[in-house]
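The values are calculated or read from the model by the stated rules, or taken from the named source; none is laboratory data. Bear in mind the structure is a predicted one, so any value in this text is a computation, not a measurement. Heads up, the Cβs are rebuilt from the backbone with ideal geometry, glycines too, and the neighbour counts pull from every protein chain shown.
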Amino acid sequence: MGSGPRDAQAAVGAHHHSSLRPAPLRVYGPPAHARRARPRPAGITSIALDASSPSCCLSMEQGGGIGLTFFRRKRLRVEAGSPAWTGAVGIDARFAGLVERLRVEAERHPLAYRRKVVLAGLLGYAYVLTVLLALLAGTGAMIWMLIVARGAAAIEAKLGIFLGLSAFALIRALMIEAEAPAGILIDRAAAPDLFALLDRLRAQVNGPAIHTVYIGDEFNAAIMQQPRFMIFGNRNILTIGLPLLQGLSKDEAAAVIAHEFGHFVGGHGHWAAFIYRIRKRWMQIAERLPRGIVAAVLRLFFRRYGPWFNAYSFVLARAQEYEADRLAARALSPALAAAALIRVTTRGDRFAASWTGVWGEAVSRPDPSTMPYRTAASYLREEAEDELSVLEYALERMTGLDDTHPCLKDRLAAIGSDPVLPPPFAASAAETLLGGRAEELADELDRNWWNAHGNWWRTLHQMRQDEIAERDALAARLESGDARKAEYQRHAELVAEMDGASAAIPFYRKLLDRFPDAADVRYQLGAALLYAGDDAGIVELETAAQIWRGLGAPAYRTIIGHLHATGRQDEAEPYFVRLDAAEAHDEQAAAEANQIDAQAELLPLLLSDEDRRRIADTLAGISGLKSLRAARRKLLFGDRDQIIFLAYPGKGTDPQQLVDAITPILLEYGDTLGFGAHGTTRWLGKKLRAIPGNQLVPAVKG
């Protein structure tokens, strides 16, 4: 059970929006000089705080890069960034039949199935090598033509360089790089009891030698193999999390380590390593060749091959989990193996949940009152009142296609054990195997955690102080009666964030009294009412979806979730039909709103003089903006008009940065599709110049 992203700030991005604030999509991807974003109501598509990890990452509910694709006949389209085309953990539902057929085949003819998996893996290599040979052959052909031919040498030289560099990039992408182990290095002298246990377990299961041991910060254990130089075998690295040792007894920890040894025992280990290397290699190719012609050629194949190979090898990967469990049961006992599985589930859940409390202090304190890993030593070794309910919940989960690990119920049944809570233990594995070093390691992990995330903690704390000041200032402005709708709404959202959704309900109601057609506010009111257990929120959400069709899908999902949570599954059925229709509409609306061509009808912006002044004043703070033209477009599938803008950068200014800076400003006034001025957008500039009042920023020298 992992503990989350290691780098909080990389996961966050450049902007922060509260989870209850209408927010633009933050877009990541290659410079494309284009950006399209829609104003989103609270809690639909925004940055949400995940406090269940050490890094308290801010994660995007809907993410992905956005890139610009240029088409002939004067058409521009903003596309969602390509998803990863390899390395999926779960299995696409369309391969469920294949997985079931292979499961039966693996039970009847295990060796034949494993050979088929090898052939399936080699198929990917064959395709990549074919592309590589084609690149090398093309490079050789260009070199030959340069030597023997006359004439267009410059073109041949450029093409030869391009093909050669592409081949070199592909060769580099095929080389698996050793992963740097995470954790604190520990040796035999510092933890003799731990190494004695490793020696005993290795002898019992005939496992591989462990060359290096690291104490990690996750509730997990894993053995990683790093290839050594040329033919000299692998270097085996064991990383075992201190929280795992704090939450298990010595014998239970031994069962976990025996399970990890089981992944590398006999021929079973060779199959595991083979599948791992293939998936690792495809993932590295995807990361290192994200764009370009070579990546496009590979993507055409791997978009089909990747999901298919994951499905084809899925049965083998799951069988390896069962086999590792059985080996642990034989090495110790079925009872101990079962106790380890159950304790990892219950204590791992407790460790993950503890981060919510840790990060929850960030809004009220500039530093934590207690450090997480030193504190975990006490609460992870103790019994908890909810431990049985956590186990019962875990036992309800069924084995599916979303993970190669079987569900807990099936794993226990496979080793012939009953799902009962193991008895309390007197001393944890950390105390028994690490002795006094356990506290030192906890302190070191705490220091490492704070060094990595302390700045982000302080940022969160300052953000909350700023939000408190903003809330108080808005409250005073509301009292004066001069506030705009956006200020009323922001105040209600801040109240909801700080004091709870129920506290914000009166403010949403007052806001609707002033702006009865504000669908996004009605959505927020409906969601807050349902959160407070009031079914009146259903009507508010339905009304919001009627006013603004773009709210249909999130509104119906919220209603369905509420009805399921209150045990009224039958009442939820009609909303699934509405949800399907709303999602189909959203797809059509997105396809329309993400592109524009020369036939699009553009109209003047419906902005007041005050709005224009406010926009101009804000845009004046963007350096490198030479000029900005904008107009309004009516959408067939959209409920509201769309703002189309073209940003003209000054010399040395990145158009993508301009588009990224301008989009949030215009987003307050409606759905926005923006582009950076470029040769291919010249036709759009001509259309915009013909619209009265198109200049939001007059042309300046630069």
Legend entry - Complete set of residues in region 322-369 that are touching a residue at least 12 places away in the same chain (Cβ under 8 Å) and among the polar types (S, T, N, Q): THR345, THR346, SER354, THR356, SER364
Inset, instruction - Go through (1) over 24 Å from the mean Cα position of the chain (by Cα); (2) surrounded by 14 or more Cβ atoms within 10 Å (Cβ to Cβ); (3) of a type in the set (S, T, N, Q) and name the single condition SER389 misses. - result: (2)
Legend entry - Residues that are within 26 Å of the chain's Cα centre (by Cα) and at pLDDT below 90, drawn from region 565-582: ALA565
Inset, instruction - Please work out which residue is surrounded by the most Cβ atoms within 10 Å (Cβ to Cβ), limiting yourself to region 112-131 and to residues that are under 14 Å from VAL297 (Cβ atoms) and at pLDDT below 85. - result: GLY124
Inset, instruction - For region 89-98, indicate whether the set of residues that are closer than 26 Å to ILE171 by Cα and either modelled with pLDDT of 75 or more or surrounded by fewer than 16 Cβ atoms within 10 Å (Cβ to Cβ) (or both) is non-empty. - result: yes
Inset, instruction - Determine the pairs where a residue that is assigned by TED's automatic domain parsing to the domain that holds ARG632, located within region 681-693, has a partner that is part of a helix (DSSP H, G or I) with Cβ atoms under 6 Å apart, the partner being 6 or more residues away or on another chain. - result: none
Legend entry - Residue count for region 483-500, restricted to those that are in contact with a helix residue (DSSP H, G or I) (Cβ under 6 Å, 6 or more places away or on another chain) and either free of Cβ contacts under 8 Å to residues at least 40 places away in the same chain or not assigned by TED's automatic domain parsing to the domain that holds LEU529 (or both): 6
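Residue-by-condition table, conditions (1) at pLDDT below 95; (2) more than 30 Å from ALA414 (Cα to Cα); (3) buried (at least 19 other Cβ atoms within 10 Å of the Cβ):
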{"position": "PHE309", "(1), (2), (3)": "yes, no, yes"}
{"position": "ARG318", "(1), (2), (3)": "yes, no, yes"}
{"position": "TYR322", "(1), (2), (3)": "yes, no, no"}
{"position": "ALA331", "(1), (2), (3)": "yes, no, yes"}
{"position": "ALA335", "(1), (2), (3)": "no, no, no"}
{"position": "ALA339", "(1), (2), (3)": "no, no, yes"}
{"position": "ASP349", "(1), (2), (3)": "yes, no, yes"}
{"position": "TRP355", "(1), (2), (3)": "yes, yes, yes"}
Inset, instruction - Could you please find all residues in region 190-209 being within 30 Å of ASN451 (Cα to Cα) and in contact with a strand residue (DSSP E or B) (Cβ under 8 Å, 6 or more places away or on another chain)? - result: ALA191, LEU194, PHE195
Inset, instruction - May I ask you to say which residue of ARG557, ARG612, ARG578 is part of a helix (DSSP H, G or I), touching a residue at least 40 places away in the same chain (Cβ under 8 Å) and out of contact with any strand residue (DSSP E or B) (no Cβ under 6 Å at 6 or more places or on another chain)? - result: ARG612
Inset, instruction - Those residues that are among the small types (Gly, Ala, Ser) and either modelled with pLDDT of 95 or more or surrounded by fewer than 13 Cβ atoms within 10 Å (Cβ to Cβ) (or both), I need them from region 164-181; list them, please. - result: ALA178, ALA180
Inset, instruction - Tell me, please, whether a residue that is under 30 Å from SER369 (Cβ atoms) and not in a helix (DSSP H, G or I) can be found in region 499-509. - result: yes
